[in-house]
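Derivation of every value follows stated rules applied to the coordinates shown; laboratory data play no part. Since the model is a prediction, treat every value here as computed from it, not as a measurement. Cβ: placed from backbone, ideal geometry, glycine included. Neighbour counts: every protein chain shown.
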Amino acid sequence: MTPEALAALIRDRAELQPGRFLTALAGPPGSGKSTLAAAVAAALGPGARVVPMDGFHYDDAILNARDMRHRKGAPDTFDVAGFVHLIRRLRDEDEVAIPVFDRSMELSRGSAEIVGADDRFLVVEGNYLLLDEGRWRDLAPLFDLTVWIDVPETELDRRLLHRWAHFGKTPQEARAWIDGNDMPNIHRTIAGSRPADVVVRWS
């Protein structure tokens, strides 16, 4: 399914209900969620916004204090309750400030963007939006449409090697991070996520 086809589906579904329409775009690390979300929002045009889950990463200072820095990106390294609260606010309030994760600085910038009253189509993207564990389950009733991005593991691995090289890791450092952190998160996400309304094979 192309971004344009997914945008058309969102518009068709949104005609059946008033107010904001929230689409969950989920997939494992390296599946292209950010890229696809931006393309879908562009295809939807004015009134569409991307809302990233990554703004709810715990800060490195917290992860270091809890000896979790080596697991950054795992489900329990996010402020899940805060993220669920944000999604509920986005359903009910006209204007909501959202945090954004700055990967170049490896930190979240609070209230970095504003979702306004004219933003009707929200494309929420993140690894764990469909995860059937703990507080992540609280997201289940909050989305109007759920989408899963299906990418072969070998392709995920290739993309992650490229990503971490771009952010300055040596090939050895990238390999160690992927094997020790990204791949366990990939397997956990694929095995533990609820079925989505739509499956997209995105390359």
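Key figures
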item: Ellipticity estimate at 222 nm from DSSP helix runs (n ≥ 4, -39,500 (n - 2.57)) divided over the chain, nearest 500; result: -11000 deg cm²/dmol
item: Kirkwood Rh in Å, taken over all unlike Cα pairs in the chain; result: 17.4 Å
item: DSSP-defined antiparallel bridges as percent of all bridges, the chain, nearest 5; result: 30 percent
item: Mean projected area in nm² (Cα convex hull; one quarter of hull surface) for region 125-203; result: 5.8 nm²
item: Mean Cβ count within 10 Å, highest first, over the residues of peptides 20-30, 93-103; result: 20-30, 93-103
item: Mean Cα-pair separation over length for the chain, i.e. relative contact order, pairs under 8 Å, 6 or more apart, %; result: 32 percent
item: Largest-first principal axis extents, alpha carbons of region 15-68, Å; result: 47, 24, 17
item: Inverse of mean 1/r across different Cα pairs in region 43-107, Kirkwood, Å; result: 13.3 Å
